[in-house]
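Some notes on the structure that comes next.
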Amino acid sequence: MPKGSDLFVAALENEGVDRIFGVPGEENLDILESLRTSSIKLVLTRHEQAAAFMAATHGRLTGRPGVCLATLGPGALNLATGAAYAHLGAMPMVMITGQKPVMSAKQARFQIVDIVASMKPLTKMTHQIVNADSIPAMVRDAFRVAMEERPGPVHLELPEDIASEDVGDATVIPRHMIERPVAPAKALDSAAETILAAKRPLVMIGAAGNRPALVEALSTFIARTRLPFFNTQMGKGAVNGGSNLYMGTAALSEGDYVHEAVERADLIVSIGHDTVEKPPFLMKSAGGPKVVHIGYQSATVEQVYHPDIEVIGDIGATVEGLGERLEGRLTADEGMLDLRQKILAHINDRAEESRFPITPQRIVHDVRKVMPEDGIVCLDNGMYKIWFARNYRTHIANTLLLDNALATMGAGLPSAMMAAMLYPQRRVMAVCGDGGFMMNSQEIETAMRLGLNLVVVILNDSAYGMIRWKQAVDGFPDFGMSFGNPDFVQYAQSYGAKGTRVSKVEDLVPTLEAAFSQGGVHIVDVPIDYSENTRVLVDELRNRTPDVECA
């Protein structure tokens, strides 16, 4: 007779789940046995945090929830950072954890933590399953909630005795399509009139505009309207093509060259901005550009973001409707397009500088050189993230994955592993600082076991470089940020991976090309010179003179 775990796994299969990431424990043994005879592959990781990062990235890249598994107590708590990563980053994910039997307590309180309560602030929904017959409804609801805008993580706890409970003739609940609400015509008319009345409109694409299903709609909208645009960090790459309308990426909140375009604009059409991101610009209470907010949901009003007009509904349908109303009716602001050349020239400054250790600009330049248009670069978190956000040009959507929401270290390698699993025919690279890499470096064994093709670039400065830079900028003494590293070449080899250390700037491109050509997992140790952080991001930007005349 089928049991609760069989029904649970059947419900997952019904949702189209083909793999689960995680570290099982004693309380998952029934579900593990049900997985063994199912169509779902168990991807065993070396830490639950990495499993959650991989599941979240699956959701980010496909729009369908990734699934991860952990046992009770310590295993479940290890999912917490990944839950927050998906929650702030709006990535659909379903987490499954075990628990001691709820109908008996033969082990008293051993290992028991209230995981449902722990997950409540980190998820869209969290439930303990207390009856096996409720499994189909709870799984169906979990996937529905995870995918609804705003998407995010959902948690289900399956106790040991519920997993082993007989279920008789219970069956799964069929999936059904859910059509998102669309903005009313009146709101579209009002937004179109506002845009047509503006002299210097500028589009900003945020995190919620960078959903897999929106690529075609947004790319078409930009092509039809010919409106110049910039993006937030997590909105980067939402539009296909090397458009001559792209103004840059807001890697900082203010004062960067792209902000000259913001200062010139009299209207910003904000598509999918999610205020969970570090602000891409600081909205003024008076004297700045007006803001039209286009989103799945109404704007979260913040001190630095309080739109004048809101158009709420499915973003794809909204931009299609706006495109119909605006096409052929807008006059390009030549001053904005001239400013674009100036902004991009500054961004490309010193991109081929030959000093060693290698500068961030040169690293971005050389990575872009070896990555084809559809190649995927997954960033961990560190100072280099700002440089990639500013300087790395994308031509195909979702080819630069970074986290500007939770901004956690340790996510870069697992994210790249997920991308390599989903797209084995494409080049995939993880770019990690030495600090972030070592937080989940054990997953190199997982990558080797899975037979992935993956290049991992470690930017080595033997320090927590971003905080060390901030410490210096704020005038504090250099303290508490330096550490030692293993020999990364030998470290790679100990897992059976290939390892290379770059010893001069001219070797970076051929080393990366060779790594991709050889296939397998390859770790490249790259010493980095972060002195450019202060020269460019502090001194140069502080002394810039905005060219924002608005004739």
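Below 8 Å between Cα atoms, with a sequence gap of 6+, how large is the relative contact order for the chain in percent?
Across the chain, relative contact order equals 12 percent.
In terms of Cα to Cα distance under 14 Å, which aspartates and glutamates are near enough to Lys504, apart from those fewer than 8 places away along the same chain?
Filter leaves Glu352, Glu353, Asp366, Asp525, Asp529.
Using DSSP to define loop residues, name the trypsin sites (Lys or Arg not before Pro) in the stretch 286-361 whose beta-carbon has at most 10 other beta-carbon atoms within 10 Å.
On the way: sites: Lys290, Arg325, Arg329, Arg340, Lys342, Arg350, Arg355; in loops: Arg329, Arg350, Arg355.
Passing both the DSSP loop test and the Cβ count: Arg329.
With r defined as the distance between the Cβ atoms of Glu148 and Ala117 and R0 fixed at 22 Å, what FRET efficiency is calculated, to the nearest 0.05?
Result of the calculation: an efficiency of 0.45.
Between exposed chymotrypsin sites (Phe, Trp or Tyr not before Pro) in the chain, where DSSP calls loop and at most 13 other Cβ atoms lie within 10 Å, what's the longest gap?
Looking at the chain, 111-478 is the longest stretch - no exposed chymotrypsin sites (Phe, Trp or Tyr not before Pro) with at most 13 other Cβ atoms within 10 Å.
Note down the net charge around Ala351, summing +1 for each Lys or Arg and -1 for each Asp or Glu among other residues with Cβ under 12 Å from its Cβ.
Charge balance in the 12 Å sphere: +1.
Restricting to DSSP loop positions (anything but H, G, I, E, B) with no more than 16 other Cβ atoms inside 10 Å of their own Cβ, which GluC sites (Glu not before Pro) remain in the stretch 206-260?
Glu254
Fully extended, how many nm does the chain gain between Glu324 and Lys186 (0.36 nm per residue separation, minus their Cα-Cα distance)?
Details: separation 138, 0.36 × 138 = 49.68 nm, distance 1.41 nm.
Length gained, Glu324 through Lys186: 48.3 nm.
Starting from the Cα of Met448, step 7 Å toward the Cβ, then list every residue of the stretch 461-505 with an amide N under 18 Å from that point.
486-501
What value does the stretch 350-537 have for Rg/Rh, both radii from Cα atoms and Rh as Kirkwood defines it?
Across the stretch 350-537, the Cα-based Rg/Rh ratio is 0.94.
At Thr534 and Lys106, where each label point lies 7 Å from the Cα along Cα→Cβ, what is the point-to-point distance in nanometres?
6.4 nm
As a check on your grasp of the helix formula, calculate [θ] at 222 nm for the chain: sum -39500 (n - 2.57) over DSSP H runs of n ≥ 4, divide by the residue count, round to the nearest 500.
For the chain, the value works out to -10500 deg cm²/dmol.
Sort out for me the Cα centre separation of the stretch 142-166 from the stretch 18-65, rounded to whole Å.
13 Å
Can you tell me the dipole magnitude for the chain around its Cα centre, using point charges on the Cβ only (Lys, Arg +1; Asp, Glu -1), in Debye to the nearest 20?
Roughly 560 debye for the chain.
Using label points projected 7 Å from each Cα along Cα→Cβ, tell me how many nm separate Ala332 and Asp166, to one decimal.
Result for the modelled spin labels: 7.5 nm.
Here are some pairs, Lys284/Lys470; Lys124/Lys498; Lys41/Lys498; Lys199/Lys369; Lys3/Lys124; which of them have Cα atoms lying more than 31 Å apart in this structure? Present the calculation step by step, with values, prior to reporting the outcome.
Details: Lys284/Lys470 26 Å; Lys124/Lys498 41 Å; Lys41/Lys498 27 Å; Lys199/Lys369 37 Å; Lys3/Lys124 28 Å.
From the list (Lys284/Lys470; Lys124/Lys498; Lys41/Lys498; Lys199/Lys369; Lys3/Lys124), the Cα-Cα distance tops 31 Å for Lys124/Lys498; Lys199/Lys369.
Between Arg501 and Asn244, take the C-beta separation as r, use R0 = 56 Å, and let me know the FRET efficiency to the nearest 0.05.
That gives a FRET efficiency of 0.90.
Between the DSSP loop rule and a limit of at most 16 other Cβ atoms within 10 Å, which trypsin sites (Lys or Arg not before Pro) in the stretch 192-271 are left?
Sites meeting the loop and neighbour criteria: Lys199, Arg226.
Got a sec? Charge dipole of the stretch 350-537, +1 on Cβ for Lys and Arg, -1 for Asp and Glu; which of Val428, Gln361, Tyr392 is way out at the positive end?
Looking along the dipole axis, the top candidate is Tyr392.
What dipole magnitude, in Debye to the nearest 20, does the stretch 244-296 give about its Cα centre under +1 on Lys/Arg Cβ and -1 on Asp/Glu Cβ?
Values: 4 positive and 7 negative charges, 28 e Å.
With only Lys, Arg, Asp and Glu charged at Cβ, the dipole is about 140 debye.
What's the extension gain from Ala286 to Asp374 if we count 0.36 nm per residue and subtract their Cα-Cα distance?
Residue separation times 0.36 nm, minus the Cα-Cα distance, leaves 27.5 nm.
State the extension gain, in nm to one decimal, for the chain segment bounded by Asp141 and Ala317, taking 0.36 nm per residue of separation less the distance between their alpha-carbons.
Extra length from Asp141 to Ala317 when fully extended: 60.8 nm.
Hey, got the dipole for the stretch 84-168? About the Cα centre, +1 on K and R Cβ, -1 on D and E Cβ, debye to the nearest 20?
For the stretch 84-168, the charge dipole is close to 320 debye.
Roughly speaking, what is the centre-to-centre gap between the stretch 322-396 and the stretch 248-315 when only Cα atoms are used, to the nearest Å?
The stretch 322-396 and the stretch 248-315 have Cα centres separated by 20 Å.
FYI, it's all coordinate maths here, none of it is from the lab. These figures come from a predicted structure and were not determined experimentally. All Cβ positions, glycine included, derive from the backbone under ideal geometry; neighbour counts span all protein chains shown.
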